[in-house]
Amino acid sequence: MKITNDKSINVLDAVIKSASQKTTNKKDDVAGKALGDIPDKVELSKRKEEVDRIKEKVKVYPAVRQDKVDKIKEAIKSETYNVNGKLIAKSIIQSNLLDEIL
C-alpha cells in the first residue's frame with residue numbers, strides 16, 4: 001500500500017517561501033533607512049529600581065559579622081565550642097533546598 005500526502009510538501013514549500021519573503025522585506029526596510037534614522041531605545045524595568053534599592057540596603061551591613069566570629073574563635077580557643085552535627089546538617093540541607101528553589 002502506498003500513502004501519499006501532497007499537502008505536507010505544499011505546506012512546507014509555503015512556509016519556506018513565506019519566511020524568505022519576510023527576510024527580504026526586512027532587508028528592504030532596513031536598507032531604505034540611514035543608520036541615523038533608526039533611534040536607539042532603552043527601557044529599564046521597575047525591577048531594576050527595586051534591585052538597586054535592595055543593594056543599597058545590603059551595603060549597610062558588613063560582609064562579616066566580626067562580633068560573632070570573635071565569639072566563636074574565643075570558644076574554640078577555650079575548648080567550649082560545641083558543634084551540633086544535626087543542626088549543621090539541617091542548615092546545609094535547607095541552604096541547598098533554597099538554592100534549588102530560587
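If R0 is 41 Å, what FRET efficiency do you get for S78 and E50 from their C-beta distance, rounded to 0.05?
0.35
Give me the number: length gained by fully extending I92 to I38, i.e. 0.36 nm times residue separation minus the C-alpha to C-alpha distance, one decimal in nm.
The span from I92 to I38 would gain 14.2 nm if fully extended.
Tell me which GluC sites (Glu not before Pro) from the range 65-102 have a DSSP coil assignment and no more than 11 other beta carbons within 10 Å of their own.
Loop-located and lightly packed - E79.
All of the numbers you see were taken from the coordinates with simple rules; none came from a lab. Nothing here was measured: the structure is a model prediction, and the numbers come from that model. In this analysis, Cβ positions are derived from the backbone assuming ideal geometry, glycine residues included, and neighbour counts consider all displayed protein chains.
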